Amino acid sequence: MRFHLALRFYLHYLVLLGFSGVISIYGPHQRAQKTGDILLGGLFPIHFGVASKDQDLAARPESTECVRYNFRGFRWLQSMIFAIEEINNSSAFLPNITLGYRIFDTCNTVSKALEASLSFVAQNKIDSLNLDEFCNCTGNIPSTIAVVGASGSAVSTAVADLLGLFYIPQISYASSSRLLSNKNQYKSFMRTIPTDEYQAIAIAAIIDHFQWNWVIAIASDDEYGRPGIEKFENEMFHRDICIDLNVLISQYIDEAEIRRLADRIENSTARVIAVFASGPDIEPLVKEMVRRNVTDRIWLASEAWASSSLVAKPEYLDVMGGTIGFALRAGHIPGFKEFLQQVHPKKSSHNEFVREFWEETFNCYLEDSPRNEDSENGSTSFRPLCTGEEDIASVETPYLDYTHLRISYNVYVAVYAIAQALQDILTCTPGKGLFANGSCADIRKVEAWQVLKQLRHLNFINSIGERVRFDNGSELSANYTIINWHRSPEDGSVVFKEVGYYSMHNKNGAKLSIDKTKILWNGRLTEVPFSNCSEECEPGTRKGIIDGKPTCCFECTECSDGEYSDHKDASVCSKCPNNSWSNGNHTSCFLKEIEFLSWTEPFGIALALLAVLGVLLTAFVLGVFVQFRDTPIVKASNRELSFLLLFSLICCFSSSLIFIGEPQDWTCRVRQPAFGISFVLCISCILVKTNRVLLVFEAKIPTSLHRKWWGLNLQFLLVFLFTFVQVMICVVWLYNAPPGSYKNYDIDEIIFITCNEGSMMALGFLIGYTCLLAAVCFFFAFKSRKLPENFTEAKFITFSMLIFFIVWISFIPAYFSTYGKFVSAVEVIAILASSFSLLACIFFNKHSPVVIAGPSSHWK
């Protein structure tokens, strides 16, 4: 019971605190207030911050003083008042209902905003807290049914925690932190500004668009900066862009820390600085960079400071000129310009902020102003007395910058959203309402939670065509104007030049459009600055990793042979197709030269001529033998077998021609069997012929048995059998592993078209069998070396076999050590050498009649 009573007393104290307390000159007691049937609350940053003041608690602590007047904040406040008066004067909205307002200054701080918010809460909850027993606090002040504000995300977060407890709807016009999208935590929070999640994507898209990969990221240390930069970091990671420096700042950071941060920025090689912060938070750093005259940086500004009057000053343009910023799409408020110009202390009795605005605008003081007393006491600098006749249009301040109404328009939309919700309550038909049993709320006794319910079902189109919804999960479409800070050629002021836009649509995706020709970098340059960790790699090279460095820092490595890159900053080199090879610069691929033992190249022509010469010489000898076939000398040389031998030599020479020309499947299948069978046929004839001579001479006297055994038919039978073995080897080879045409891509710049033999073992059997017959022939010829001197044919056969062995023994290592067309050339040379040796040694000695006539006497 005591705890409950203490809690009630504490809440009562908070309520009283919302209306009282010792406050400074322009502290929370200042307000813009006008009574009405229904009351709206407002929270605006009329000042940029509070004075730093240590409280030693030696006396009762005083409320901190708000400092640095915010002209834009006052314009936003005026936008709310203008919207309310426009609604009150409209016959279409809320007839016979008058809207009132109570607007406070948050001084851009959480503490001041909570002081103001407590007054909203207190009036709404006095009855439910039963505080009447302590005091009569109700009076005639109506409850605040909705609050417009606040501006900064950190301030709105704190206010949303408080207002959400009492289900008081809050519509912010400038708080874009994505954390506030959590409807479970911030039940009564809504906004008329897109979430920062899209803005982070947009800034990353601009960095990617200009092909920068090395940036500095700075964020305010609050609920606006931290989530924004976190989303930005994720986007940068997915786009392979590196952040060199990532820091959090605040307007209350000490000067030493600012100087250290400026040192780190100056020492960084990154030239692009992306900043998620408000104007007051980034201002101390900008001042330090201006003091150092650091002019070679490109600033990317989030919406919160892209057009801030604290930073966008002519004296800062040497450093800040060329800043790329994001601004909300501007809206149009008819009549607002004239309303702003009508402000005057004597005409604004309901708005206590006008007096300070007038004094700050004209740098004077009004007669009954507290500044007058301080000036007389010497506590402030001297200011002249305001006459009240000053012309507001003669002074240039951000207050009258109504050319691009962005936040002011968001305030305007927020007020109209509340009015639309009240209009829906007013026109509600019983039985179709949103409350229990389809009931409707009473507009005269409407409560905050009922307005919140109605706002959650609100769905309307604002004047610039954007759909406004506050149901769960709904956010405004992200439509940003991209601006570039220029210096005006007329008066040197800051001009926000529109250079593009970023639009995020749920269905069509994001679209970034930038006109590079309109951008002035660093305020004067037209060429896009370079902000990369490493120089870009030229075509023909790729990016190589440097140990201990981020992926954006790399060294350029030349592509390997057979690889290429045809664009800058290639991550990998592409491999050329099999039929291509990289050029000298590795920037492209060219078709490889196709090579084979061609009929048109000199080497191929020479081999072909030798083969044809061999055929002609053999044909010549055959012609001589045919012409003189009935002469004793031809008959003595075993005429029929010599014919077959000469025919086989023609086949040997001819088979070498199949090895010349582009290999085809059929030529690959024919050439080895043709060569093998031809040579076996040739050597079989020589073997039979040699063995016949040997047997004749060893028999001394030719008997009938010898003549019968070595008759013509038997000789041909033996030749057929020897050749048949080779034919079977070829048949088995062609059946099991047929050779075929093969393109060899292993050699740089050249494609060798060769024959894949199918089975090297089969080729070995083919050549081995040929050599075996040659060895037997050599054996018989060697045995015939002791024949009479007139019979020298065996000696030449021995010599031809020796040449045959030398050629084919040399062929084996030469065949396996060469590649491409030279494989065929080696085999052609071996065939021609063997064939010429046989032709020369056996037949080009026939001019000696004794050599051949000797054996013939034994057959007479």
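The values are calculated or read from the model by the stated rules, or taken from the named source; none is laboratory data. Because the structure is predicted, anything quoted here is derived from the model rather than measured. Neighbour counts are summed over all protein chains in view; Cβ atoms, including those assigned to glycine, are modelled from backbone coordinates with ideal geometry. Surface accessibility is based on the protein's heavy atoms, side chains included, excluding ligands, DNA and RNA. Shrake-Rupley method; radii C 1.70, N 1.55, O 1.52, S 1.80 Å.
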Treat each spin label as a single point 7 Å out from the Cα along the C-beta direction, and report the residue 627 to residue 449 distance in nm.
13.2
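With all protein chains present, how much of the accessible area of the chain (probe radius 1.4 Å) comes from carbon and sulfur, to the nearest whole percent?
On the way: 21970 of 39840 Å².
The value for the chain is 55 percent carbon and sulfur by accessible area.
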Going toward the positive end of the dipole of the chain, with +1 on Lys and Arg Cβ and -1 on Asp and Glu Cβ, which of 275, 427, 151 do you reach last?
275
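Cross-link list 689/795; 112/231; 543/575; 592/821; 592/743; 187/453: which exceed 20 angstrom alpha carbon to alpha carbon? Display every interim value, and only then the final one.
On the way: 689/795 13 Å; 112/231 29 Å; 543/575 15 Å; 592/821 15 Å; 592/743 12 Å; 187/453 11 Å.
As for pairs spanning more than 20 Å Cα to Cα, those are 112/231.
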Can you give the relative contact order of region 541-591 as a percent, counting alpha carbon pairs under 8 Å and 6+ residues apart?
34
With label points set 7 Å from each Cα along the Cα-to-Cβ direction at residue 185 and residue 779, the distance between them in nm comes to 10.0
Taking the Cα atoms only, what angle lies between the long axis of helix 639-657 and the longest principal axis of the chain, rounded to 10 degrees?
20
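Just by accessible area at a 1.4 angstrom probe, what is the order of 807, 624 from largest to smallest? Working shown, then result.
Numbers: 807 30, 624 55 Å².
Putting 807, 624 in descending order of accessible area: 624, 807.
Please give the length that would be gained between residue 442 and residue 291 if that part of the chain were fully extended, namely 0.36 nm times their separation in residues minus their C-alpha to C-alpha distance (nm, one decimal).
On the way: separation 151, 0.36 × 151 = 54.36 nm, distance 6.06 nm.
My answer for the length gained is 48.3 nm.
Tell me, what is the FRET efficiency for residue 736 and residue 557 to the nearest 0.05, using R0 = 51 angstrom and their Cβ-Cβ distance as r? All intermediate terms of the calculation are to be shown ahead of the outcome.
Values: r = 48 Å, r/R0 = 0.95.
Once rounded, the FRET efficiency stands at 0.60.
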Could you put 564, 742 in order of accessible surface area, largest first, with the 1.4 Å probe and the full protein assembly present?
742, 564
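Tell me the trypsin sites (Lys or Arg not before Pro) within region 543-605 that lie in a loop according to DSSP and have at most 16 other beta-carbon atoms within 10 Å. Numbers along the way, then the final one.
On the way: sites: 543, 568, 575, 592; in loops: 568, 592.
In loop regions of region 543-605 (DSSP not H, G, I, E or B), the sparsely surrounded trypsin sites (Lys or Arg not before Pro) are 568.
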Of the residues 615, 744, 194, the Cα lying farthest along the dipole of the chain towards its positive end, which is defined by charges on the beta carbon of Lys, Arg, Asp and Glu, belongs to 615
In debye to the nearest 20, the charge dipole size for region 293-413, taken about the Cα centre with +1 at each Lys and Arg Cβ and -1 at each Asp and Glu Cβ, equals 620
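Please compute one quarter of the surface area of the Cα convex hull for region 541-591 and express it in square nanometres. Kindly include the intermediate steps, with their values, before the conclusion.
Numbers: hull surface 13.7 nm².
Result: a mean projected hull area of 3.4 nm².
Which trypsin sites (Lys or Arg not before Pro) in region 391-489 sit in a loop by DSSP (not H, G, I, E or B) and have at most 16 other Cβ atoms within 10 Å of their own Cβ? All intermediate terms of the calculation are to be shown ahead of the outcome.
On the way: sites: 406, 432, 444, 445, 453, 456, 467, 469, 487; in loops: 406, 432.
For trypsin sites (Lys or Arg not before Pro) across region 391-489 that sit outside H, G, I, E and B with at most 16 neighbouring Cβ atoms in 10 Å, the list reads 432.
Around residue 738, with a cut-off of 13 angstrom between Cβ atoms, what is the net charge of the other residues, counting Lys and Arg +1 and Asp and Glu -1? Walk me through the numbers on the way to the answer.
On the way: positive: 669, 671; negative: 665, 757.
Overall, the nearby charge balance is 0.
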Only Lys, Arg (+1) and Asp, Glu (-1) charged, at Cβ; the chain dipole about Cα centre in debye:
5600
Stretch residue 574-residue 588 to full length: gain in nm at 0.36 nm per residue minus the Cα-Cα span?
4.1 nm
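Relative to the present Cα-Cα distance, how much length would full extension add between residue 263 and residue 59 at 0.36 nm per residue of separation?
Details: separation 204, 0.36 × 204 = 73.44 nm, distance 4.15 nm.
Computed gain between residue 263 and residue 59 is 69.3 nm.
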Ordered by packing density, taken as the mean number of other Cβ atoms within 10 Å over each peptide's residues, highest first, how do 796-804, 615-623, 105-113 rank?
105-113, 796-804, 615-623
How far is helix 712-736 tilted, in degrees, relative to the longest principal axis of the Cα atoms in the chain, given as a value from 0 to 90 rounded to the nearest 10?
10
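With every protein chain present, what is the per residue accessible area of region 494-580 (1.4 Å probe, Å²)? Don't skip to the end; give the middle numbers.
Details: 5460 Å² over 87 residues.
It amounts to 63 Å² per residue over region 494-580.
How about region 29-105: which trypsin sites (Lys or Arg not before Pro) there lie in a loop by DSSP and see at most 14 other Cβ atoms within 10 Å?
Values: sites: 31, 34, 53, 68, 72, 75, 102; in loops: 53.
Sparse-neighbourhood loop trypsin sites (Lys or Arg not before Pro): 53.
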Which residue, chosen from 302, 164, 819, occupies the Cα position most advanced towards the positive end of the dipole of the chain, where the dipole is computed from +1 (Lys, Arg) and -1 (Asp, Glu) charges on Cβ about the Cα centre?
819
Which one, (1) 46.3, 161; (2) 28.6, 95; (3) 52.0, 162, gives Rg and Dmax of the Cα atoms in Å as derived from the coordinates shown?
(3)
